[in-house]
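Report on one structure; see the data block that follows.
The values are calculated or read from the model by the stated rules, or taken from the named source; none is laboratory data. Nothing here was measured: the structure is a model prediction, and the numbers come from that model. Here Cβ is always computed from backbone atoms with ideal geometry, including for glycine, and neighbour counts include all displayed protein chains. Heads up: the accessible areas ignore ligands, DNA and RNA and are worked out on the full protein's heavy atoms, side chains in. Shrake-Rupley method; radii C 1.70, N 1.55, O 1.52, S 1.80 Å.
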Amino acid sequence: MAKTPFQLSVVTPGGSGFDGPVVSVQFPGEDGLIGVWAHHAPMLASMRPGKLVIEEPNHPELLKTYAVGAGFAEVSDNNAILLADTCEAAEEIDVNRAKAALARAKERLAQAARDESIDADRAREAMERAQARLAAGYTRGQ
């Protein structure tokens, strides 16, 4: 049985991260992963940084993976729009650079526990972005 496609747009402040037909999309919601297929019930959801996985209709054997930042998702009438701070394809992620960013963010977060002048929320956000990039970067080629 063929899967029914629907339209997905991933929009960032820098432009479009993805725009095209898909048969499924999985993205990181505030309370866990959210999966969307054609004819999904209308919804609005907050997104947190994490891994975005897309299945395209012409290549069901090859899932596209992205690292996305925080944002919002809207699904209605066989359209899904993800508004994200960032969107980076897994193939573009330098895993070693992401590991270094994660180490820096963890150190900064540890310092924030001892020093009130350090913005702990900003350090936590940097850590979550680095973790999202690593999660996507490690799935490259799947």
Selected residue (only one of Val22, Val36, Val10 is touching a Pro at 6+ places or on another chain (Cβ under 7 Å) and open to solvent by less than 20 Å² (accessible area, probe 1.4 Å)): Val22
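Residue by residue, here is whether (1) open to solvent by less than 60 Å² (accessible area, probe 1.4 Å); (2) part of a helix (DSSP H, G or I); (3) modelled with pLDDT under 95; (4) within 14 Å of Val10 (Cα to Cα) holds:
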| site | (1), (2), (3), (4) |
| --- | --- |
| Pro60 | no, no, yes, no |
| Lys64 | no, no, yes, yes |
| Phe72 | no, no, no, yes |
| Leu83 | no, no, no, yes |
| Ala101 | yes, yes, yes, no |
| Arg122 | no, yes, yes, no |
| Ala126 | yes, yes, yes, no |
| Ala130 | yes, yes, yes, no |
| Ala136 | yes, yes, yes, no |
Do the conditions hold for Leu44, that is, is it closer than 23 Å to Arg124 by Cα and at pLDDT 95 or above? no
Consider Ser117 carefully, then state whether it is outside any loop (DSSP other than H, G, I, E, B), without any contact (Cβ under 8 Å) to a residue 12 or more places away in the chain and open to solvent by 80 Å² or more (accessible area, probe 1.4 Å). no
Which ones in the stretch 42-58 are in a loop (DSSP other than H, G, I, E, B) and within 22 Å of Thr4 (Cα to Cα)? Pro42, Glu56, Pro57, Asn58
Just one of (1) surrounded by fewer than 17 Cβ atoms within 10 Å (Cβ to Cβ); (2) in a helix (DSSP H, G or I); (3) more than 16 Å from the chain's Cα centre (by Cα) trips up Ala112, so point out which. (1)
